[in-house]
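Asks: Structure below; questions to follow.
The values are calculated or read from the model by the stated rules, or taken from the named source; none is laboratory data. It should be emphasised that the depicted structure is a prediction, and the values quoted were computed from it without experimental measurement. Methodologically, a virtual Cβ is constructed for each residue, glycine included, from the backbone with ideal geometry; neighbour enumeration extends over all protein chains shown.
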Amino acid sequence: MAERIGLDTITLHSPPQIVAWAAVGGAQEAAGLLKGKLSRVFDDESLGQDSWEKAEALLQQTAAQSALSKAGLDAKELDLHLAGDLLGQCSASMFSSRILGIPFAGLYGACSTMGLSLALAAVALESGAVRNALASTSSHFCAAEKQFRQPLEYGGQRPPSAQWTATAAGACVLRRGDEKYPVITTLCFGRVADLGVKDANNMGAAMAPAAANTIGSFMRDTRSSPADYDIILTGDLGGIGSTLLHSLLLRDWGISLGEKHMDCGNMLYPVDGENEVNAGASGCGCSAAVLCGHILPQLERGELGKVLFVATGALLSGVSPLQGETIPSIAHAVLIESTKKQ
């Protein structure tokens, strides 16, 4: 049975396995860190669809079907699909799940959705009520710009603090079973934090306080320090948010992340000062693709032992910034451990 430790953290006594995973993305996402690591690359961002929203639904569907294929499972063998995205009413996930035909629970955690879906799937598996679960999420640059900022046709200039929403998706299949796959051993559902940021082009700053609170809470509850992990992986704070995270953790928690910290928003695209991504990558698909395409294979091979995955999300809607509201944030932590001896 799961056990709560400290105020916010849950440890699992029968850790579920992540038995298969897949990441898919566009040509830009396949050009950097994930080169050769994506299950499928789409050169045309429309994916042959007549809207960006339909393209994103197909993106997530493709990632989910790829993960299922790797797991050797048919969709009808799954008990639960936990998924969400950035679109209104989680429509990309909903239309994807409509095709898959799996019992579906739609989630809204913004860019924290990969962490949220993994954490909830792990708890469901630990309870015994679920045998096989699928956790997935996606984002699409064009769909996100259309909903949260301006349609691309507007041609607005992007400020230096802006991040580039990844056109990507990730999916994981989880189940209880043998011990040859990476396992989720501990998790922490975050609390909503608000730094007072109102600028929808400065997501990194908006999300940093939630990441700091969740990491601090996790380490307090588990009585651990950054030295106990191979990587503390946030997603997706980008350059500005990552710098702020380090400052907030040191000021409020006395924790220095040092070189243990890596951020998916800084990793996905090469940041050379001459590209369009400005402060880095963002979007649900950013951390999902980095986790599924880059991190989980290393955990499976035993090249990494413990990765604290802290997915971050900015909880704004398409209208809340226009109403003068601030941008609250959330971060959920999942400790993923290799079962291979280090």
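Asks: Here is a list of conditions, (1) modelled with pLDDT of 95 or more; (2) crowded, with 21+ Cβ neighbours inside 10 Å; (3) under 23 Å from Thr186 (Cα atoms); (4) in contact with a helix residue (DSSP H, G or I) (Cβ under 8 Å, 6 or more places away or on another chain), and Ser138 meets all of them except one; can you say which number that is?
Replies: (3)
Asks: Within the range 279-315, how many residues are over 21 Å from Ser224 (Cβ atoms), in contact with a helix residue (DSSP H, G or I) (Cβ under 7 Å, 6 or more places away or on another chain) and surrounded by fewer than 24 Cβ atoms within 10 Å (Cβ to Cβ)?
Replies: Selection size over the range 279-315: 1.
Asks: Does the range 145-158 contain any residue that is closer than 24 Å to Asp236 by Cβ and modelled with pLDDT of 95 or more?
Replies: no
So that you can scan it fast, the table gives a plain yes or no per residue for (1) over 21 Å from Leu87 (Cα atoms); (2) among the small types (Gly, Ala, Ser); (3) modelled with pLDDT under 95; (4) not assigned by TED's automatic domain parsing to the domain that holds Ser217:
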| position | (1), (2), (3), (4) |
| --- | --- |
| Leu304 | yes, no, no, no |
| Leu315 | no, no, yes, no |
| Gln323 | no, no, yes, no |
| Ile330 | no, no, no, no |
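Asks: Then there's this: Considering only residues that are at pLDDT 95 or above, touching a helix residue (DSSP H, G or I) at 6+ places or on another chain (Cβ under 9 Å) and surrounded by fewer than 20 Cβ atoms within 10 Å (Cβ to Cβ), which ones fall in the range 195-229?
Replies: Listed by number, the residues that qualify are Gly216, Arg220, Thr222, Ser224, Ser225, Pro226, Ala227, Asp228.
Asks: Name the residue that is surrounded by the fewest Cβ atoms within 10 Å (Cβ to Cβ), counting only residues in the range 240-255 that are over 20 Å from Leu291 (Cβ atoms) and touching a helix residue (DSSP H, G or I) at 6+ places or on another chain (Cβ under 6 Å).
Replies: This residue is Trp253.
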